[in-house]
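Okay, structure first, notes after.
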Amino acid sequence: MKKHIWIIGLVIMAVLSVSCFMFWRQASIEHTEMVNLCQASVYQSLESFKEYSTKGDDYLYIYGVAEFKSFMNAYHYLNNNIGNPEYLYCNIIYGEMALNPERVQENMQGVIKALAILAEDYTDPNGYIRLNELGNLLRYGAE
């Protein structure tokens with residue numbers, strides 16, 4: 001009887017170990033995919049805004065804004081911190097892109113410079129500092 005209990009216990013432990021490994025592996029894959037989405041979205045937004053600045057087609061601007069929002073969502077997922085200042089800087093820029101596109105379009109080179117930094121490395125604090133400066137410029141104007 002005791003032999004059966006040990007065997008059952010070992011089988012249960014083996015099943016639990018395999019299950020934990022599978023959950024850990026899935027979380028690792030999901031994290032990698034979100035990092036790739038974050039980096040790709042900011043790059044696509046940058047490319048769309050670059051093309052918009054040369055061609056001036058509105059659909060390129062709208063696509064760039066949509067990709068920026070996708071970048072924000074992926075970044076927020078990766079850094080799930082309510083008071084994350086980088087996400088707040090992005091949110092201010094996104095709000096200006098949606099509500100005041102004329103101002104953003106006038107300052108498109110500033111947007112492109114900030115996104116170029118983030119397209120290299122989405123974790124670079126210099127890109128978020130640029131976004132903060134740009135957000136202040138867009139909200140309060142040049143002083």
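The values are calculated or read from the model by the stated rules, or taken from the named source; none is laboratory data. Computed from a predicted structure; not experimentally measured. For neighbour counting, all protein chains shown are included, and Cβ atoms are generated from backbone atoms with ideal geometry for every residue, glycine included.
Data table
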quantity: Within the range 12-54, considering residues that are touching a helix residue (DSSP H, G or I) at 6+ places or on another chain (Cβ under 9 Å) and of a type in the set (A, V, I, L, M), the one nearest to Y128 (Cα to Cα); calculated: V42
quantity: Yes/no for V18 being β-branched (V, I, T), part of a helix (DSSP H, G or I) and in contact with a Leu (Cβ under 7 Å, 6 or more places away or on another chain); calculated: no
quantity: Unique match (being at pLDDT 90 or above and either under 29 Å from C90 (Cα atoms) or of a type in the set (F, W, Y) (or both)) among G64, G56; calculated: G64
quantity: Matching option when the condition is without any contact (Cβ under 8 Å) to a residue 60 or more places away in the chain and surrounded by 18 or more Cβ atoms within 10 Å (Cβ to Cβ), among G83, G95, G64; calculated: G64
quantity: Listing of helices (runs of 4 or more DSSP H) fully contained in the range 53-118 that carry 1 or more residues being within 14 Å of the chain's Cα centre (by Cα) and aromatic (F, W, Y); calculated: 58-78, 85-99
